[in-house]
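Since the structure comes first, as structure tokens, the remarks are kept for the end.
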Amino acid sequence: MTKKIRTVSILLIVVIIISAAAAVSSVANREVKAVSGVAMEANSVSYVLIRWDRVKRADGYYIYRFNPEAENGKGKYERLGKAEGGDNCRYKIKDIPGASVYDIKVNAYRKYFKKEYESKSAQEVRVYSIPDALQVCAFSGGRGVLSVEWEIAENLAGYEIQYDKSSDFTEPALLDIAHGDTRNISVDGLNPGDTYYVKGRSYLTDKDERIYGEWGNISSTVINKKDLNIGTINPNKPMVAFSFDDGPAFTYDGKNSTEKILDVLEKYNVHATFFMVGDRVNDETKSLLQRELALGCELGNHTYSHKHYGENVTVADISKASERIKKYCGKSPTVFRCPGGKLTADIRNECKKEGMPLAYWSVDTEDWKSKDAKKIYKNVINQAYDGAIILMHDIYPETAEAVEKIVPKLIEKGYQIVTVSEMIEAKTGNPPKPGQQYIDSETINNHTK
Ligand code: ZN
């Protein structure tokens, strides 16, 4: 090797070493360590204050929140806010509803040659606002019964309800409801005529610990002396009665529309009256009747075969249907509806004899005509009013599809969804009278033809 070549090689090596060192130092310059010590420093019903440890050489911090709904339900961290300055180690999430829950991560960032470099994410921390004070409403849903209902909110894990005969709650009884979706409860065996005071608080859970909101308003009621059977239905709030005719549905292609409707009623804990055709009740369909009873629904008689219509309905059409229903589920129907809605002296007398009131309707969804879920939905939502009896048929898949949307919408509008008999009891303070035909909660029509 000549001397010249050797000099060039040494020079080259020196240049390589210098540039490598420069590269290493530039990576080191823009790197910033992960944030530690992220914690909830304070919270209230409307804000959460987060703090973390200062990170050396950081120019600021980004706060991320996990959004489980993003990326088609896969979930994703989304930027919630920014704290500028390396010494600025706090962030306040403000003006939020009570019981808001956030899963948070904090990254430090560093600016280097006009670019920002973020630290790798460290721990995820759950923070939350305190639940709001619980607003309760007490009423008496029957003889000796105290009923309480309240407003539920997202993220709540449960409720504590206290009731006492003294407004100072000196010896309160406690109901612990460890289920966030429960919106009412009733206790029985209390002394009719006594006054009870009720208050409650809600909680969310952090690991195994309960985070309570404040005790809310005090609501009071006199315990009913009347032997009603309306459970947790609040007589002072709007309600509609759901009625389904012509079922129970048979199963086609593994699908059963009555079943689907019951799924919805169960999900939202609401009731309906099912006016059934006697000869459709058999070994295949009896489980539907049993489920209806278990869910607190009412069984109705809609004649034995539905072949005789209106004024042609015979006494036997009614009695045979009642026998059939009782044979397959152990319970006789408690209300009657005539196919075509006609009323004759024979029909009235037979219903009276069997102890059944009659139910006509005041909102006709015309589901049998349109078989269109959107139209059925519109008809109900546009025509529903406090005290309405709504007519549907549980044998159509389109009706079942509509019911899935109708129930949450009516609840959102403040309606309770109940059986025909529950509504008459709640609204009039008395059970419906056998042989009497109700058009809605206020209108009676006993004209025979
Ligand atoms: Zn019918």
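The values are calculated or read from the model by the stated rules, or taken from the named source; none is laboratory data. Keep in mind that this is a model prediction, so the values were computed, not measured. A quick note on method: Cβ atoms are made from the backbone with ideal geometry, for glycine too, and the neighbour counts reach across all protein chains shown.
Quick rundown of the values:
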{"quantity": "Scope region 213-266; condition of a type in the set (S, T, N, Q) and within 16 Å of the ligand (Cβ to nearest atom); matching residues", "calculated": "Ser243, Ser257, Thr258"}
{"quantity": "Restricting region 307-351 to residues that are of a type in the set (Phe, Trp, Tyr) and within 15 Å of the ligand (Cβ to nearest atom), the residue that is nearest to Leu288 (Cα to Cα)", "calculated": "Phe336"}
{"quantity": "Cross-chain or 6+ apart pairs with Cβ under 6 Å, region 379-397 first and without any contact (Cβ under 8 Å) to a residue 40 or more places away in the chain and closer than 14 Å to Gly300 by Cβ, then hydrophobic (A, V, I, L, M, F, W, C) and surrounded by fewer than 21 Cβ atoms within 10 Å (Cβ to Cβ)", "calculated": "none"}
{"quantity": "Number of positions in region 398-417 that are of a type in the set (Gly, Ala, Ser) and touching a His at 6+ places or on another chain (Cβ under 8 Å)", "calculated": "0"}
{"quantity": "Scan of region 261-286 for residues that are loosely packed, with under 15 Cβ neighbours inside 10 Å and more than 17 Å from Ile417 (Cβ to Cβ), ordered by number", "calculated": "Asp279, Asn282, Asp283, Glu284"}
{"quantity": "Qualifying positions in region 385-411 - part of a helix (DSSP H, G or I) and within 16 Å of the ligand (Cβ to nearest atom)", "calculated": "Thr399"}
{"quantity": "Looking only at region 179-216, and only at residues there that are aromatic (Phe, Trp, Tyr) and outside any loop (DSSP other than H, G, I, E, B), the one that is nearest to Ile230 (Cα to Cα)", "calculated": "Tyr196"}
{"quantity": "Filter result (assigned to a loop (DSSP other than H, G, I, E, B) and within 16 Å of the ligand (Cβ to nearest atom)) within region 267-276", "calculated": "Ala272"}
{"quantity": "Residue check, Lys371 basic (Lys, Arg), within 16 Å of the ligand (Cβ to nearest atom) and touching a residue at least 24 places away in the same chain (Cβ under 8 Å)", "calculated": "yes"}
{"quantity": "When residues of region 149-177 are limited to those that are at pLDDT below 95 and hydrophobic (A, V, I, L, M, F, W, C), the one farthest from Ile233 (Cα to Cα)", "calculated": "Ala153"}
{"quantity": "Failed condition for Ala294, given (1) surrounded by 19 or more Cβ atoms within 10 Å (Cβ to Cβ); (2) within 30 Å of Gly141 (Cβ to Cβ); (3) away from the ligand (no atom under 16 Å from the Cβ)", "calculated": "(1)"}
{"quantity": "Residue in region 156-178 that is surrounded by 18 or more Cβ atoms within 10 Å (Cβ to Cβ), among the β-branched types (Val, Ile, Thr) and part of a loop (DSSP other than H, G, I, E, B) present", "calculated": "no"}
